[in-house]
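The values are calculated or read from the model by the stated rules, or taken from the named source; none is laboratory data. Remember, it's a predicted structure, so these values are computed and weren't measured experimentally. Cβ sites come from the backbone with ideal geometry, for glycine too, and all protein chains shown count toward neighbours. Side chains included, ligands, DNA and RNA excluded: accessible areas come from the protein's heavy atoms. Shrake-Rupley method; radii C 1.70, N 1.55, O 1.52, S 1.80 Å.
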Amino acid sequence: MKRRDFLKITAITTAGSMIPISLKAAQKAHIVIIGGGFSGATCAKYLKLWGGRSIDVTIIEKNPLYTSPILSNLVLNNIKNINSLKFSYTGLINYGIKILNTTAINFDTDKRVIYTENGKKIRYDKLVLAPGIDFKFPNKYDINKIPHAWIAGKQTLILKKQIDSLRDGDTFIMSIPKKPYRCPPGPYERACVVADYLRKKRVKVNVVVMDENQDIIVEKKAFGSKFKEYGIDYRPSCKIINVDDNKMEVTYSQFGYMESIKGNVINIIPNQKAAKPIFLAGVNDGDFAPVDTKSYESLIKKDIYIIGDSHKSSQPKAGHIGNGEGKICADAILRNLNGYPVFDNPKTNSACYSPVSDNEATWLTAIYRYDPTTKDMKIIKGYPKSGMPSKKNFVDMFYWAGNLFSDTFS
Amino acid sequence: MKVLIPVLIASFAFASKYYYKPKIPDKYTPNNYRVLAAATCFQCHGSFGISKTKWDSIIGEDVKDFYKNRHPIMKAQRYGFTKKEVIGIFDYLHSLKYKKIKDKYKKYKEYEEYEEHDED
Ligand SMILES: Cc1cc2nc3c(=O)[nH]c(=O)nc-3n(C[C@H](O)[C@H](O)[C@H](O)COP(=O)(O)OP(=O)(O)OC[C@H]3O[C@@H](n4cnc5c(N)ncnc54)[C@H](O)[C@@H]3O)c2cc1C
């Protein structure tokens with residue numbers, strides 16, 4: 001009964017807003033997901049596994065293949081080939097999900113329409129935004145010369161090539177963004193992987209890490225001891241002011257002083273904000289999109305859901321938990337469409353394996369439960385949250401990633 | 001240049017001991033806490049608890065295995081999930097109509113399929 005009412009309402013609002021829709025389209029709710037990364041792809045898959053033929057699910061994704069940022073630091077030290085981190089959407093298509101290989105360039109959230117780069121207008125009943133991150137560059141500079149390599153793919157390969165060009169006496173500079181940013185341990189992991197790689201290649205490079213945070217923000221014991229072992233020059237509280245791709249120079253402020261430093265290879269990982277669709281759809285509050293984590297529905301606009309790195313909550317911006325958010329969101333949408341109350345006690349968990357050399361890794365985990373008073377997730381306490389580097393962890397890392405990749409893309 | 005991309009995940013290929021083909025339903029039946037709690041296991045243990053790597057397939061395990069597991073990340077999950085939820089997870093997984101595979105390698109030949117794509 002309730003489901004019928006919902007359809008009636010959709011039909012009226014859609015007709016009222018003069019969007020031509022076919023009768024067939026009106027029979028099934030259309031859920032459109034922007035972004036086929038860890039959160040978006042998982043949400044689409046579970047929408048189909050649970051909602052089946054009662055719904056139409058479309059992913060709008062700008063890249064024909066997805067490149068996983070997870071494990072991408074291992075491309076830098078030759079452990080992984082970038083092609084082994086690429087995933088096609090064939091697995092999702094097999095579930096009956098439609099993939100549109102184009103960019104979403106605008107939204108009319110009153111009329112429930114998405115405009116795409118290839119000139120299409122796409123109508124939705126429920127919109128899921130899962131577009132990941134964008135950067136807040138300190139100034140304009142050429143990212144082909146000074147890569148971030150924080151969205152994997154081409155950028156990873158540029159950084160890899162530059163690191164391989166380093167010679168004795170050179171300087172490698174890396175910056176760590178202010179939190180919140182994608183993958184809290186990731187930059188510390190990268191510093192360790194690169195320093196270990198250069199050391200094993202017997203190239204004497206000065207590795208400088210400039211962190212905008214006041215201290216190592218996660219796994220301090222593990223990363224701190226590795227930084228010491230590798231002789232990494234770690235500088236806390238460094239705010240990047242200017243990046244000069246011509247002089248290969250970074251200007252930064254630390255404890256109230258301005259300084260400049262030159263590097264042969266510079267890897268600025270800029271501060272972060274949600275990707276463009278969040279701003280185009282008008283669901284941001286500051287840099288990210290606030291949601292009720294019971295459903296991931298926007299606190300600003302109805303029928304828009306935000307999952308993964310671009311939403312705002314106490315959960316880390318990471319792929320493993322992004323996959324979990326996708327499942328909670330899928331179930332909440334299906335309940336809403338079918339007139340059932342949203343499940344009120346969701347839990348999520350996070351797991352990260354961080355390589356710190358070519359044969360050791362650390363791990364980090366956390367479990368969250370829903371807190372109805374804050375509409376946010378709250379960490380459950382009482383267990384060890386991280387572990388020291390070991391060879392066993394390094395092997396486990398691939399078992400973990402393999403299942404995460406398959407649960408998301410196949 | 002053309003590159004070959006594995007359709008599933010060839011580089012992580014490992015033969016699973018279990019097989020389950022989910023049925024795409026005609027309509028939604030509300031998931032209870034059991035299904036949603038189980039879904040939080042799938043990132044590490046594979047969809048429907050069937051692992052595609054050397055990590056364990058929990059579809060073939062039981063409540064006692066959850067509490068016996070000494071892996072540090074599993075220790076943390078013990079704090080995160082209540083006994084009721086853990087029992088629910090296994091009740092749900094055992095209710096699925098899955099098969100145990102004898103000839104593991106034959107079934108998972110699909111991992112050897114590749115697609116050709118333009119290099120970006
Ligand atoms: C070096 C590194 C290591 C990491 N390690 C871990 C780890 O160990 N564990 C972990 O859990 N996480 C890790 N992460 C973090 C993880 O990769 C991200 O948190 C995760 O990818 C976020 O998923 P998402 O779905 O929000 O966004 P993404 O995976 O970035 O997906 C977003 C998708 O949206 C598409 N898109 C964006 N805008 C548009 C548009 N307008 N139109 C169409 N498509 C669009 C993009 O092309 C992209 O495919 C790591 C990250 C890095 C960089």
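For each pair in A:K45/A:K312; A:K201/B:K75; A:K391/B:K52, compute the distance between the two Cα atoms and list the pairs where it is over 28 Å. Over 28 Å Cα-Cα: A:K201/B:K75.
For the stretch A:140-270, the dipole from Cβ point charges (+1 on Lys and Arg, -1 on Asp and Glu) about the Cα centre works out to 340 debye, to the nearest 20. Using a Gaussian network model of chain A in which every pair of alpha carbons under 10 angstrom is joined by a spring, one finds that among A:S314, A:S357, A:S386 the greatest mean-square fluctuation is at A:S314.
Could you tell me what percent of the accessible area of the stretch A:140-270 is made up of carbon and sulfur, with a 1.4 Å probe and every protein chain present? Could the numbers behind the result be given before it?
Working: 2990 of 5900 Å².
Solvent-exposed carbon and sulfur of the stretch A:140-270 make up 51 percent of the total.
Comparing A:A152, A:A44, A:A289 in a Gaussian network model of chain A (Cα springs below 10 Å), the most mobile by mean-square fluctuation is A:A152.
For the listed residue pairs A:K276/A:K301; A:K381/B:K83; A:K28/B:K27; B:K21/B:K99; A:K327/B:K100, the alpha carbons are over 20 angstrom apart in A:K327/B:K100.
Within the full protein context, the accessible area of A:V32 is estimated at about 0 Å² for a probe radius of 1.4 Å. Accessible surface of the stretch A:42-118, 1.4 Å probe: 43 percent of it comes from carbon and sulfur atoms. Taking chain A as a Gaussian network of alpha-carbon nodes connected by springs under 10 Å, the highest mean-square fluctuation of the residues A:I268, A:I79, A:I163 belongs to A:I79.
If you average the sequence gap of Cα pairs under 8 Å that are 6 or more apart and divide by the length of the stretch A:140-270, what percent do you get for the contact order? Please report the intermediate quantities before stating the final value.
Numbers: 229 pairs, mean separation 42.7, N = 131.
Over the stretch A:140-270, the number comes to 33 percent.
The Cα trace of the stretch A:140-270 gives Rg and Dmax of 13.7, 37 Å, the first to one decimal, the second as a whole number. Charging the Cβ of each Asp and Glu at -1 and of each Lys and Arg at +1, and nothing else, the dipole of the protein assembly as shown about its Cα centre rounds to 1520 debye.
Distances between every pair of Cα atoms in the stretch A:218-362, grouped in 5 Å steps from 0 to the bin holding the largest one, split as 2, 8, 13, 13, 13, 14, 13, 10, 8, 4, 2, 1, 0 percent.
Tell me whether chain A comes out rounded, prolate or oblate; compute the Cα gyration tensor, take square roots of the eigenvalues as a ≥ b ≥ c, and use a/c under 1.5 as the rounded threshold. Taking the square roots of the gyration eigenvalues as a ≥ b ≥ c, chain A is prolate.
At a 1.4 Å probe radius, which order do A:F343, A:F394 fall into by accessible area, largest first? Show your work: numbers first, answer last.
Details: A:F343 40, A:F394 20 Å².
Greatest to least solvent exposure: A:F343, A:F394.
Sorting A:Y234, B:Y18 by accessible area puts them as A:Y234, B:Y18; the probe is 1.4 Å, largest comes first, and only protein heavy atoms count.
For B:F42, the accessible surface of its heavy atoms amounts to roughly 0 Å² (probe 1.4 Å, protein chains only, rounded to the nearest 10). Per-residue ellipticity at 222 nm computed for chain A from its helices equals -9000 deg cm²/dmol, with DSSP H segments shorter than 4 residues left out and the rest contributing -39,500 (n - 2.57). Accessible area of B:C44 (1.4 Å probe, protein heavy atoms only, ligands and nucleic acids ignored): about 20 Å².
Summing both sides, how much accessible area is buried between B and A? Use a 1.4 Å probe and give Å² to the nearest 100. Working shown, then result.
On the way: alone 9250 and 18350 Å², together 22850 Å².
Using a 1.4 Å probe, the pair buries roughly 4700 Å².
Taken per residue, the accessible surface of the stretch A:140-270 reaches 45 Å², heavy atoms only and a 1.4 Å probe.
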